[in-house]
Each structure stands twice: as structure tokens, then as C-alpha cells.
Amino acid sequence: MKKRWWHDKTAYQIYPKSFRDSNGDGIGDIRGIIEKLDYLKDLGIGIVWISPVYRSPFVDQGYDISDYYAIDPAFGTMEDMEELLAEAKKRDIAIIMDLVVNHCSDRHEWFQKALKDPFGPYGQYFYIREGKNGRPPCNWRSYFGGSVWEPLPGRANLFYLHMFAKEQPDLNWENPKLRKEIYKMIRWWLEKGVAGFRIDAIINIKKDLRFRDFPADREDGMCAGTAMLACAHGIMDFLTEMKREAFAPYNAFTIGELFDFDRQELKRYIGEDGCFESIFDFSPHLLGGSDHGWYNRKPVTIDQFRDAVFASKAVSQEIGMMANIIENHDEPRGVSRYLPEDGRNERGKKLLAGISLMTFGLPFLYQGQEIGMTNKQFHAIEEADDICTLDEYQTALEHGYTREEALNLAARMSRDNARTPMQWSKEAHGGFTTGTPWLPVNENYQEIRVDEQEIRKDSVLNFYKQLIALRTDPDYGETVVYGKQEPIFQELSDFMGFFRKGKEKTLLILANIRREPRTVELPLTIKRVILDNCAAGLKPGSPISMEGYQFLVLEC
Ligand code: GLC
Ligand code: CA
């Protein structure tokens, strides 16, 4: 694998609205991020991805952009953004922005012009089609519920396409003029000094242009957008062009958000000449999913989680470096989702951290993960802000669940779980704001908070620091970053074991993911314990005995 500057970094996602509010209006902002750069530096972070801060009406929390060249006043000013870039640079932290170009906001001037003149040049920036006698052109369902087609106001039998909310019209990538506008905008930001982009929902930019019905997969007569994506061919032409025209001249770092793509094509995505530098590895997150909605998701076992990670790495590590995440702003908190109930404590949280950071790939932390933040408590559906949660709640009700059941089902996967304010201190609202936070802080903020964990040596936060530091360790860094991952003990249940075999060193990673202790017969002799999440330590020789939820990094 050709070495790249970002391989030994650890990345961190900031959800700006909930990170740190500097002026007391209850909304996190760019100055709040600047305040916390030293905290990130101290944690060992080298790349920061900031979820959208562009001007937006916030129908989908900034993923609906009405001006790509402006900072939303809720987050600050362009000067704040420039200061952030400069301050981050001083600390050797690369800032990447969110690139949301599958769609824009219905308030964007392009769409406003398209509304006025659907057959004019800006109409061509979107997918505007005739319906079937006043009914939508075809039966695709939006990711946020309902048809992907919305009537064009004031125009009989004309519809526009939106894969997400109706306030997020899809941009027509078939139109070269639109593509040029996008590339120009990307270059403008790179010129300003951003190091690259996390690229939102990018697989959606290629549509099946036949716009025809697919077999219905629910009682509503519609089919998931993903059925259409499977028949949309030719996305590589767009992605290769975008790389050539926008990213490559600036050597930008790019990381794609892709769920539904052809795994056979991985090399074209992240191989040496791939269209992106990296993509997120969502293989554990896809487990248990259902076409019918959140209410129908299946529980995921530890063994399924492990097998999914191993299967994905077996293929990807030969091709490029994917990014490992356990949570983000769209997913529940990893500790609430993947750890068995009796392991949702500090020891278990360190174990989960260890698995994620010792697995081959670029570690991507999501704010609050480093202190072990957990899911939000929902007492009523009115507490939900996220449009997706509201839709999934309705879907559960329609399938005969009681209000209480529907609330629990929607809460389990809600995107609000990860969007509650960052828990900095024991002050009101976790020290996130001096005002009233836009989303209430998690009830456990007194217990789980940064200031307490910073001074306590055996905290989750300090364990993360140790894991992160290993990536650049003079003795072990090469192995942690590039060492080949090979599973061991896969026949054991509730257990995850693997080697990382580097040029000079071999590490053995062992995680006993259950409450009961167990003994393991080791195939090699152990030279050193590098990391241990229990005070218990390890006696020399084999077999070794491991405590419940013990996690070990050993040098063999
Ligand atoms: C991505 C984002 C998500 C957003 C969607 C539409 O999946 O991560 O938050 O709602 O795209 O932009
Ligand atoms: Ca603010």
C-alpha cells in the first residue's frame, strides 16, 4: 500500500450544533470549536470533519444547503471559519468539511429559479418530470418516507425528485453545467484551506433515468430508493471527473459515505487510483437492517458484529484503507448499540474502543464517543427533533404498535441519540451552553463528562488517548497502522481475537466480550502487555485467564 499522510492519523467528527456553544444562544458554533482545538490536539486528533456549517434552513440539520459559499449565522461568520482553519493549522489538525451535493435546499437560488421557469436552464439543474395524470412519475420511496416525487407548486402534472426530504431537491448530475458549478465550489473551499471533504450520500447522484416502477416492498405500493440504485449504472464517470476537476489539483483528502455500492468495485473507490482516498466501513451498522423500517430491525449479536468486521477487512485491507466508526450523527451511540447490557460500563466501553482502534483502518471518532456517551432517554415522541425518527415512529404505529412500543422502537435507532450536547462538565447543560440547548443534554451528564475523565487516569478518555498514541508510537506505530489483520479464535462465541502482523512486530488483540471470565490457550509466547483495560494484568505462560470484558493488546 502506497503510504499517505493521513494513514497514521486519528480523525474526529464534530456535529457543530451540539459541540460547544460560545455565545449562549443554545446552538454550538464555530467559535466553540476553536475553543476546543487544544482538547482535540491533546486527545491526539489529526483530522477533524465538521458536519455542515453552510447556510441552511435546517430541515435536515444543515444537510439542506441554501448557499454553498456562506456560513450559516447560527454557526458564525466566514471570518470565524477562516480563523478556525488557521488555528487548526497551527496545531497540525486538518479540517475537512461536509460535501452535500446530491441535493441542495429548496431555498437555494437554483431551485427558486427552477420553480419560476421549470423548462429553463435552472430547471435542468434538477429532475423535473411529468406525472401520470397528476400522480408521481414512479413509485420510489424517499429515505425519509413518502414518495420521492413532489408536485412542482403551481404546475399541473409536474414533479421534482427528492431522495431525502421534499425540501432537499436532488441535483441533476447528468447536466454538465451543474457539475461545473459543483467543482468550482469545491475548489473555492480547497483554495481557502480546507484539507478535503466527507462526501455525503454520494452513491445517490446516479439515477436510473428510466424513472420506472419497481415491485412494491411495503403496503404503501412503493419501493426503497436502493432498488433503483442497483439499476443505476455509470457513477464512476461522475466520480472520476470530480476527482480530476476538483480534488486532485489540491491533493484533497476525500472520504465517501456509501452504503449501497457494488463491493466488487471497491478498488475503483479506494484503490491506488480510486476516486476517493477512503470510505466509511459501515459493515457492522448494516447488520439487522430491514427494508420495512426500524420497527422491523433484528437484534445483532457480538459474533455477527465480529464476523462482519473480519469479512470486510479481509477484502478491504488488500485494496486500501477504509475508515472505522462505531457511531456518527446518523447512528445510535455505539456503547448502547453493540455492548451487551452487562457490559455497558467503563470496562466495556474501553473494550469497544480497543476493537475499533486496533482494527485495520483509519479510526474516526464521533464527538462524545471518547468519554463513552450513551443513547438519549426519550419520554415522549415530542422530544424527537430528527425527521427520520418521526417518520419511523409513524411507520411503527401504522404497523399496529402502541404509542409506547412505537416510541421505544424509534428511540432505539434515533439519530437524536448521538445529537445531544457534548458533556464537558457538571455545570448546567453539561457546560455545553449557558443558555437553553437546542436539544436537551443527556440525563447522565453528571456521570459521564470530559472534565472528570481528564484528571482520572483510568478513564475511558485516557484509554482512547493511549490507543490513539499507539498509531504514531516509534515501536508499534507501523504495525498498528499497516500490519495485516488475521483473525484467530473465530470459533469462540462472544470473543474477538486477531493478529496485526507488521514488518517487525506482531500484535495479538484479545477481547472477551461477556461477563464471565474464560481461559484461552495461546499459540505463541507473549513478550509484553501493551494495553489492558483491567487492573488485573496477566500472569506469564499459557493458557491465560481473561476477566469478563477484558481487552488486551499483546506483543508476541
Ligand atoms: C447523509 C447524512 C445525513 C443526511 C443525509 C441527507 O446520510 O449523514 O445526516 O440526512 O445524508 O443529506
Ligand atoms: Ca451559539
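The values are calculated or read from the model by the stated rules, or taken from the named source; none is laboratory data. Just so we're clear, the structure is a prediction, and the values are computed from it rather than from any experiment. Note: ideal-geometry Cβ built from the backbone for every residue, glycine included; neighbour counts use all protein chains shown. With ligands, DNA and RNA removed, areas are computed over all heavy atoms of the protein, side chains included. Shrake-Rupley method; radii C 1.70, N 1.55, O 1.52, S 1.80 Å.
Computed quantities for the displayed model
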read-out: Pairwise FRET efficiency - residue 78 versus residue 273, Cβ, R0 = 30 Å, nearest 0.05; value: 0.30
read-out: Point-to-point label distance, residue 216-residue 117, nm (Cα→Cβ direction, 7 Å offset); value: 4.1 nm
read-out: Entries in 90/192; 184/206; 313/539; 132/166 that, when Cα-Cα distance is taken, lie over 25 Å; value: 313/539
read-out: Members of 3/267; 17/350; 180/243; 17/243 lying beyond 22 Å, as alpha-carbon distances in this model show; value: 17/350; 17/243
read-out: Point-charge dipole on Cβ atoms (K/R +1, D/E -1) for region 480-555, about Cα centre, debye to 20; value: 280 debye
read-out: Peptides ranked, highest mean first, by Cβ atoms within 10 Å: ranges 190-199, 345-354, 400-409; value: 345-354, 190-199, 400-409
read-out: Accessible-area composition of region 480-555, carbon plus sulfur, in percent [1.4 Å probe]; value: 49 percent
read-out: P(r), alpha carbons of region 429-516 - 5 Å bins starting at zero, rounded %; value: 3, 12, 13, 13, 13, 14, 11, 10, 7, 3, 1
read-out: When the convex hull of its Cα atoms is projected in every direction, mean area for region 194-267 (nm²); value: 6.2 nm²
read-out: Over 21 Å [Cα-Cα, region 480-555], rounded percent; value: 20 percent
read-out: Hull volume in cubic angstrom per residue (convex hull over the Cα atoms of the chain); value: 148 Å³
read-out: Carbon plus sulfur fraction of accessible area for region 3-127, probe 1.4 Å, in percent; value: 48 percent
read-out: Over 14 Å [Cα-Cα, region 401-463], rounded percent; value: 63 percent
read-out: Distant-in-sequence amide H partners of residue 530 (H built 1.01 Å from N, under 5 Å); value: 553, 554, 555
read-out: Fully extended contour minus Cα-Cα distance, from residue 241 to residue 455, at 0.36 nm per residue; value: 72.1 nm
read-out: Amide H contacts under 5 Å for residue 94, placed H, 5+ residues apart; value: 47, 48
read-out: Cα-centre dipole for region 52-91 with unit charges at Cβ (Lys and Arg positive, Asp and Glu negative), debye to 20; value: 220 debye
read-out: Per residue accessible area in Å² of the chain, where ligands, DNA and RNA are left out and the probe is 1.4 Å; value: 40 Å²
read-out: By accessible area with a 1.4 Å probe, ligands and nucleic acids excluded, highest first: order of 379, 399; value: 379, 399
read-out: Gain in span if fully extended, residue 180 to residue 2, counting 0.36 nm per residue against the direct Cα distance; value: 61.0 nm
read-out: Amide H within-cut-off set for residue 126, under 5 Å, with H built and near neighbours excluded; value: 172
read-out: Sum of -39500 (n - 2.57) over DSSP H runs of 4+, divided by residues of the chain (222 nm, nearest 500); value: -7500 deg cm²/dmol
